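Engineer: Before anything else, here's the structure in question.
The values are calculated or read from the model by the stated rules, or taken from the named source; none is laboratory data. Note that the structure is a prediction, hence the values are computed from the model and not measured. Note that we place each Cβ from the backbone using ideal geometry, even for glycine, and neighbour counts take in every protein chain shown. Calculation scope for accessible area: heavy atoms of the full protein, side chains included, ligands and nucleic acids excluded. Shrake-Rupley method; radii C 1.70, N 1.55, O 1.52, S 1.80 Å.
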Amino acid sequence: MSNISLDYVRKSYGPSEVIHGISGSIQQGEFVVIVGPSGCGKSTLLRMIAGLESITGGEIQIGKRVVNKLEPAQRNIAMVFQNYALYPHMSVFDNMSYGLKIRKVPKEEIRRRVEETAEILELTPYLKRSPRQLSGGQRQRVAMGRAIVREPDVFLFDEPLSNLDAKLRVQMRLEIKKLQERLGITSVYVTHDQVEAMTLGHRLMVLNAGSVEQFGTPIDLYDKPATLFVATFIGSPAMNILNGTVSEDASSIILPEGEVIPLGMRLNAQAGASVNLGMRPEHIRLATNGNALFSFKSDVIEELGADTIIHADFGKATSSMAVRLDGIHRVSSGTQFSFAIDPENLHVFDPESGKRIN
Amino acid sequence: MVENRPFFDTLTHIILILGVILIAFPIWITFVAATHDLARMSQAPIPIWPGSHFFDNLKLALEGKVVSGVDMLPVWKMMFNSLIMALMIAIGKIIISILSAYAIVYFDFPFRMGFFWMIFITLMLPVEVRILPTFEVVASLGMLNSYLGLTVPLIASATATFMFRQVFLTIPDEMLESARIDGAGPVRFFFDMLLPLSRTNIAALFVILFIYGWNQYMWPLLITTDSSLSTVVVSIKEMLDSAERTPEWNTIMMTALLAMLPPILVIVSMQKLFVKGLTETDK
């Protein structure tokens, strides 16, 4: 078990830089998820920690060692790949023991460790089979088993659940979380799936175009997204973003149609400056008498049982808007609704920099 | 086809049977000729049904000595020479090309693609095209009349290199990365991963290359003047070359039959791996 610290880590391929100086530290035993859209550099960053990609600038430390120049095998890490990368010509037992065999661990010890790990992962009946005789979920478990028997300082996961079907993914997600808590090994997990990220990680590192947008707990990211990108990336359905301007006294936002949304605080912004106002669909409530802040005509209604999602075109400047109401609401499209929202659930962003300003 | 049309079924069968007859007939004639004595074989028309001298001819061929007035090695000796040549060519080609494919696919050295294309271009230069310079090189290396002279110039192989390259390219990169994390160096990775994974391809190549080596005619003819090194394929042709006498068809055909055996044995014994190696794409 070790902590990992990244110090202004950069990566370029020729003249184009894909990772622009990422810093952050991962505590011992912590489960950190790196999340972001495809092409944001999250896999590259993970592979740099693993030693599969060279580091152009900055420093990576695992434990107290600077590992920039170390071979992957010397970093005492284990990695689980998206396509599992099992050795097809070896049995499950040999797959799991290969790394130990190379490290010249005594035979008895290898057998003990593999059998223990197989027990944890419920793989004992399959030890003699070859990977192609296993189902997707079992292969996934073998890949994890191969990582666990090594007793590494750090686990690295590169989208390990992407090749599984939806049901199995949810199940394996829970298993990974339980396993990580049980073993307490520092883990870095890469995914593009924000639900996976939110459920698994102690902390999330949101990457966009090679830079960190925000690094914090799932609830931090949800409650106080630092940037417009994080705001729209985390949460489903995505946060509604409306254009607006700052009022005279800087304590409310005026929407293009003239509605005034009070913020309950003073913004540090000039009156009349344009801003982006974010509201999560689940924070918008149906207005009771007199407290309506804005209204719109519903367009498409999704009735999901547990909740109802109302989609609508809102105003001129915004394309669409979603509202999520608890329970079943029997409404037809084209109905006019009035809505309200609490000031603490409002997110204000500077449209230029994308940074949060409230 | 799934259609049930008796006429087409019959027609396709007739065509297939004709094809089999066309290919099998010369072999039948060879077999028949190997079962008659010299007297019968010297008369026209040649027989189409087997005679009773099979074992006499087998004895004649195995003993060797003078056939059609040409001094001959015993057949087993010629076949031994052919076997050594075919094995050295097949195994040598496989070793050289699997190593060069390994270098080209997995190592990032300067002018990598340049080397790949240089190897690839040699596809256009079979022995027959470069026969004079190659002979010169072999002669000045003092390799005339030796097994090395027989095989070394035929060993470098662009096709096999290319084939192994394709095989290696189908092995996912993650497998290499996973092995690296497990601590396998380049040599271990080669022996623990690449070799077992290309087992069927090696077998398929071995079959093809063994037959290629066994059937070599022009190069052995040129490089060996010492008759103790002559191979069976070259010798059969020499037996026919007697100027004044009728060729001893019975002995020659028996020799030809014997010469067919080793390639058949190789194909039959490695058939399963051969088909797998050429058709399997999943790694």
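Engineer: Run down A:I22, A:I55 and say which single residue is more than 14 Å from every other protein chain (Cβ to nearest Cβ), touching a Lys or Arg at 6+ places or on another chain (Cβ under 7 Å) and within 28 Å of A:Q194 (Cβ to Cβ).
Structural biologist: A:I55
Engineer: On to the next question. Taking the residues in the range A:145-158 that are hydrophobic (A, V, I, L, M, F, W, C) and part of a strand (DSSP E or B) as candidates, determine which candidate is surrounded by the fewest Cβ atoms within 10 Å (Cβ to Cβ).
Structural biologist: A:F155
Engineer: Looking at the range B:234-252, can you tell me whether even one residue there is under 17 Å from the mean Cα position of the chain (by Cα), closer than 15 Å to B:L83 by Cα and surrounded by 13 or more Cβ atoms within 10 Å (Cβ to Cβ)? So that I can check it myself, show each step before the final result.
Structural biologist: Pass one, the range B:234-252, residues under 17 Å from the mean Cα position of the chain (by Cα): B:234-236.
Subsequent filtering for residues that are closer than 15 Å to B:L83 by Cα retains B:234-235.
Narrowing further to those that are surrounded by 13 or more Cβ atoms within 10 Å (Cβ to Cβ): B:234-235.
The answer is yes, given that some residue of the range B:234-252 is under 17 Å from the mean Cα position of the chain (by Cα), closer than 15 Å to B:L83 by Cα and surrounded by 13 or more Cβ atoms within 10 Å (Cβ to Cβ).
Engineer: Say we look at the range A:60-72 and pick out the residues that are under 20 Å from A:S43 (Cβ atoms) and not in a loop (DSSP other than H, G, I, E, B); which of these is nearest to the other protein chains (Cβ to nearest Cβ)?
Structural biologist: A:P72
Results for (1) touching a strand residue (DSSP E or B) at 6+ places or on another chain (Cβ under 7 Å); (2) closer than 14 Å to B:D182 by Cβ; (3) within 13 Å of another protein chain (Cβ to nearest Cβ); (4) of a type in the set (G, A, S), shown as yes or no for each residue.
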position: A:D94; (1), (2), (3), (4): no, yes, yes, no
position: A:V114; (1), (2), (3), (4): no, yes, no, no
position: A:Y126; (1), (2), (3), (4): no, no, no, no
position: A:S135; (1), (2), (3), (4): no, no, no, yes
position: A:E151; (1), (2), (3), (4): no, yes, no, no
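Engineer: Given the structure, is B:S269 modelled with pLDDT under 85 and either open to solvent by 70 Å² or more (accessible area, probe 1.4 Å) or in a helix (DSSP H, G or I) (or both)?
Structural biologist: No: the conditions fail for B:S269.
Engineer: Could you grab me the full set of residues in the range B:123-152 that are open to solvent by 20 Å² or more (accessible area, probe 1.4 Å), touching a Ser or Thr at 6+ places or on another chain (Cβ under 7 Å) and touching a residue at least 60 places away in the same chain (Cβ under 8 Å)?
Structural biologist: The answer is B:N145, and nothing else.
Engineer: Still on this structure: I'm trying to understand the selection: among the residues of the range A:96-112, which are part of a helix (DSSP H, G or I) and more than 14 Å from chain B (Cβ to nearest Cβ)?
Structural biologist: Filtering the range A:96-112 for residues part of a helix (DSSP H, G or I) gives A:96-102, A:107-112.
Across the range A:96-112, the qualifying residues are A:K107, A:E108, A:E109, A:R111, A:R112.
Engineer: Take the residues in the range A:18-43 that are among the hydrophobic types (A, V, I, L, M, F, W, C) and within 16 Å of A:E213 (Cβ to Cβ); name whichever of them is nearest to the chain's Cα centre (by Cα).
Structural biologist: The residue in question is A:V35.
Engineer: Something else: Mind checking which residues of the range A:159-176 are crowded, with 18+ Cβ neighbours inside 10 Å, more than 19 Å from A:G29 (Cβ to Cβ) and not basic (K, R)?
Structural biologist: A:E159, A:P160, A:L161, A:L164, A:M172
Engineer: Of all the residues that make up the range A:177-197, how many are open to solvent by less than 40 Å² (accessible area, probe 1.4 Å), in a helix (DSSP H, G or I) and over 13 Å from A:V33 (Cα atoms)?
Structural biologist: Adding up the residues that qualify gives 1.
Engineer: Oh, and also: In this structure, is A:E59 free of Cβ contacts under 8 Å to residues at least 24 places away in the same chain, charged (D, E, K, R) and open to solvent by 40 Å² or more (accessible area, probe 1.4 Å)? Don't jump to the end; show me each part of the working.
Structural biologist: Numbers: free of Cβ contacts under 8 Å to residues at least 24 places away in the same chain: no; charged (D, E, K, R): yes; open to solvent by 40 Å² or more (accessible area, probe 1.4 Å): yes.
No.
Engineer: Looking only at the range A:222-239, decide whether some residue is over 18 Å from the mean Cα position of the chain (by Cα) and crowded, with 20+ Cβ neighbours inside 10 Å. Spell out the reasoning first.
Structural biologist: Here is the first cut: in the range A:222-239, the ones over 18 Å from the mean Cα position of the chain (by Cα) are none.
No, the range A:222-239 has no match at all.
Engineer: Can you pull out every residue in the range A:9-28 that is out of contact with any strand residue (DSSP E or B) (no Cβ under 6 Å at 6 or more places or on another chain) and either free of Cβ contacts under 8 Å to residues at least 60 places away in the same chain or open to solvent by less than 60 Å² (accessible area, probe 1.4 Å) (or both)?
Structural biologist: The answer is A:S12, A:Y13, A:G14, A:P15, A:S16.
Engineer: Checking B:I96 against (1) exposed (fewer than 15 other Cβ atoms within 10 Å of the Cβ); (2) over 20 Å from B:L257 (Cα atoms), only one condition comes out false. Which one?
Structural biologist: The single condition B:I96 does not satisfy is (1).
Engineer: Taking the range B:156-187, which residues are away from chain A (no Cβ under 11 Å) and not in a helix (DSSP H, G or I)?
Structural biologist: B:A156, B:S157
Engineer: Sticking with this one: Among the helices (runs of 4 or more DSSP H) contained in the range B:1-66, which hold 1 or more residues that are under 19 Å from B:L261 (Cα atoms) and without any contact (Cβ under 8 Å) to a residue 40 or more places away in the chain?
Structural biologist: Those helices (runs of 4 or more DSSP H) span B:6-33, B:54-63.
Engineer: Checking the condition touching a helix residue (DSSP H, G or I) at 6+ places or on another chain (Cβ under 9 Å) and farther than 24 Å from A:P37 by Cα, which residue from A:G235, A:G264, A:G258 passes?
Structural biologist: Testing whether each residue is touching a helix residue (DSSP H, G or I) at 6+ places or on another chain (Cβ under 9 Å) and farther than 24 Å from A:P37 by Cα leaves just A:G264.
Engineer: Out of the residues in the range A:38-52 that are at pLDDT 90 or above and out of contact with any strand residue (DSSP E or B) (no Cβ under 7 Å at 6 or more places or on another chain), which is nearest to the other protein chains (Cβ to nearest Cβ)?
Structural biologist: Looking at residues that are at pLDDT 90 or above and out of contact with any strand residue (DSSP E or B) (no Cβ under 7 Å at 6 or more places or on another chain), I get A:L52.
Engineer: Looking at A:Q82, is it out of contact with any helix residue (DSSP H, G or I) (no Cβ under 7 Å at 6 or more places or on another chain), outside any helix (DSSP H, G or I) and more than 13 Å from chain B (Cβ to nearest Cβ)? Explain how you work it out, then say what you get.
Structural biologist: Numbers: out of contact with any helix residue (DSSP H, G or I) (no Cβ under 7 Å at 6 or more places or on another chain): yes; outside any helix (DSSP H, G or I): yes; more than 13 Å from chain B (Cβ to nearest Cβ): no.
Judged against the criteria, A:Q82 is not a match.
Engineer: Take the range A:117-141 and flag every residue that is within 31 Å of the chain's Cα centre (by Cα), surrounded by 12 or more Cβ atoms within 10 Å (Cβ to Cβ) and assigned to a helix (DSSP H, G or I).
Structural biologist: A:T117, A:A118, A:I120, A:P131, A:G136, A:G137, A:Q138, A:R139, A:Q140, A:R141
Engineer: Also, quick follow-up: In the range B:199-222, how many are outside any helix (DSSP H, G or I) and either at pLDDT 90 or above or facing chain A (nearest Cβ under 8 Å) (or both)? It would help to see each step written out before you state the result.
Structural biologist: Step one: list which residues in the range B:199-222 are outside any helix (DSSP H, G or I), which gives B:215-217.
Now narrow it down to the ones that are either at pLDDT 90 or above or facing chain A (nearest Cβ under 8 Å) (or both): none.
Final tally of qualifying residues: 0.
Engineer: Kindly evaluate A:A73 against the criterion of being in contact with a Gly (Cβ under 6 Å, 6 or more places away or on another chain), buried (at least 17 other Cβ atoms within 10 Å of the Cβ) and farther than 24 Å from A:E17 by Cβ.
Structural biologist: yes
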